[in-house]
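Undergrad: So that we are looking at the same thing, I have put the structure below in structure tokens.
The values are calculated or read from the model by the stated rules, or taken from the named source; none is laboratory data. Because the structure is a prediction, the values reported are computed rather than measured. Positions of Cβ are generated from backbone atoms using ideal geometry, with glycine treated the same way; all protein chains shown enter the neighbour counts.
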Amino acid sequence: MLCRKCKKDIPDGSTFCNWCGARQVLASHPKKRGNGQGTVIKLPNGKYKAIVTLGYYMGEDSKRHARKRTRTFIKRSDAIAALPSMKTDVSRVPDMNLHDLHELYLASSDYAALSKSQRDKLGFAWARWADHEFTGIAQLTVADIEACIEKHTSSFYPARDMKVMLSHLYRIAIKKEILQYNKTDYVEIPFDSPKAKRDSWTTEEVEALWQDYPLHPFTGYILVMCYAGLRYGELSTIFAENVHLDERYMVGGIKSEAGIDRTIPISKRIVPVIRAMLKPGQTKLIHMNEDRFYASYWETIHRTGLRELPPQTCRHFFFSRMTAAGIQGGIIAEVGGHANYLTTLKNYVRISLDDKLTAVDQI
């Protein structure tokens, strides 16, 4: 053979040229596998693990994760040979249809804890999924889900109930390792949400929430919203590192310039509630997607017998009680993330008749 550099004759199979010392490129070197074909690694026990990536999903930490399949072999050559079949053998991925998952949900403790009205609501929603009752949940696409919702509903709340019903089935599928993410997180409801009824919880209703906590830990989130004046969107974006329990404040907020990254004081009463929420290694105050939050919220409202008012009511309670306590308007607006107190007074403050009578009796 000829040296690739000096072109002089050298022995066949030489790694280096015995004339100029140049390293030779040998045709016998194996080619690397292309991207996406899989990987083989040697384990400490001497065996070989074949790894292929089947796809990606968005985790609850809002980061992209790979869904992988692995197999272990004694020989490296066997591991390499198995890579193509591991990517194409879909029979190794389990699946269950919506009907079977729904049966499991009906037998679950989560379903047993629902009120009759909530069960009826989900029952109506389930009937609208008849088109896909025997479709494997792994085969169902986001487009399929949105098309079915649009076909069988004509307003926001029935569409939302269909989405919530399916979300329950996805959570069971995730537990059974059929899927690793909930596709309803990416589903858009084709109808605008109607304006929420503006009202406030009474102190008696909030005390009912205290009686429900800590037996039901989720209720703590509702209490935090009531005593800190938080929207769900604000609660879900507060990082654990921005919660300072000793100094009794946290940093967070959304929407207006006055509301973003504001200092939110923590009432003494909810310090132990927040402390219980912050588990070691937790990055956010709450790790829960919006569908799961709303489903848990309504389950709590029905379980405690409260009026069917939306989560925004917690914020109305906060402003109403601060106003009734005689706190200065400027402080209330600052704490709640409003540029001025007129916004607070117009949109959030709901003074009860008892508080009005107490006020006029002082004349």
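Undergrad: When only residues in region 120-142 that are without any contact (Cβ under 8 Å) to a residue 40 or more places away in the chain and in a loop (DSSP other than H, G, I, E, B) count, which is nearest to residue 158 (Cα to Cα)?
TA: In this case the residue turns out to be 128.
Undergrad: A follow-up question, please. Just give me the residues in region 283-294 being at pLDDT 85 or above and assigned to a helix (DSSP H, G or I), in sequence order.
TA: Selection gives 293, 294.
Undergrad: With the condition kept exactly as written, say whether any residue in region 83-94 is closer than 16 Å to residue 38 by Cα and modelled with pLDDT of 85 or more.
TA: yes
Undergrad: Right, another one. Among the residues of region 199-232, which ones are over 18 Å from residue 303 (Cα atoms) and of a type in the set (Phe, Trp, Tyr)?
TA: 227, 232 - these are the residues of region 199-232 that are over 18 Å from residue 303 (Cα atoms) and of a type in the set (Phe, Trp, Tyr).
Undergrad: Still on this structure, please answer the following. Is region 73-88 home to any residue that is over 24 Å from the mean Cα position of the chain (by Cα) and part of a strand (DSSP E or B)?
TA: Yes, there is a match, as at least one residue in region 73-88 is over 24 Å from the mean Cα position of the chain (by Cα) and part of a strand (DSSP E or B).
Undergrad: To continue, here is another question. Given the conditions (1) modelled with pLDDT under 90; (2) more than 18 Å from residue 292 (Cα to Cα); (3) surrounded by 16 or more Cβ atoms within 10 Å (Cβ to Cβ), which single one is not true for residue 118?
TA: Only one criterion in (1) modelled with pLDDT under 90; (2) more than 18 Å from residue 292 (Cα to Cα); (3) surrounded by 16 or more Cβ atoms within 10 Å (Cβ to Cβ) is unmet by residue 118, namely (2).
Undergrad: Residue 305 - would you say it is small (Gly, Ala, Ser), in contact with a Phe, Trp or Tyr (Cβ under 6 Å, 6 or more places away or on another chain) and either over 26 Å from residue 243 (Cβ atoms) or modelled with pLDDT of 85 or more (or both)?
TA: When the stated conditions are applied, residue 305 does not pass them.
Condition check ((1) surrounded by fewer than 18 Cβ atoms within 10 Å (Cβ to Cβ); (2) over 22 Å from the mean Cα position of the chain (by Cα); (3) not aromatic (Phe, Trp, Tyr)) across all residues:
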| site | (1), (2), (3) |
| --- | --- |
| 156 | yes, no, no |
| 163 | no, no, yes |
| 166 | no, no, yes |
| 183 | no, no, yes |
| 200 | no, yes, yes |
| 203 | yes, yes, yes |
| 223 | no, no, yes |
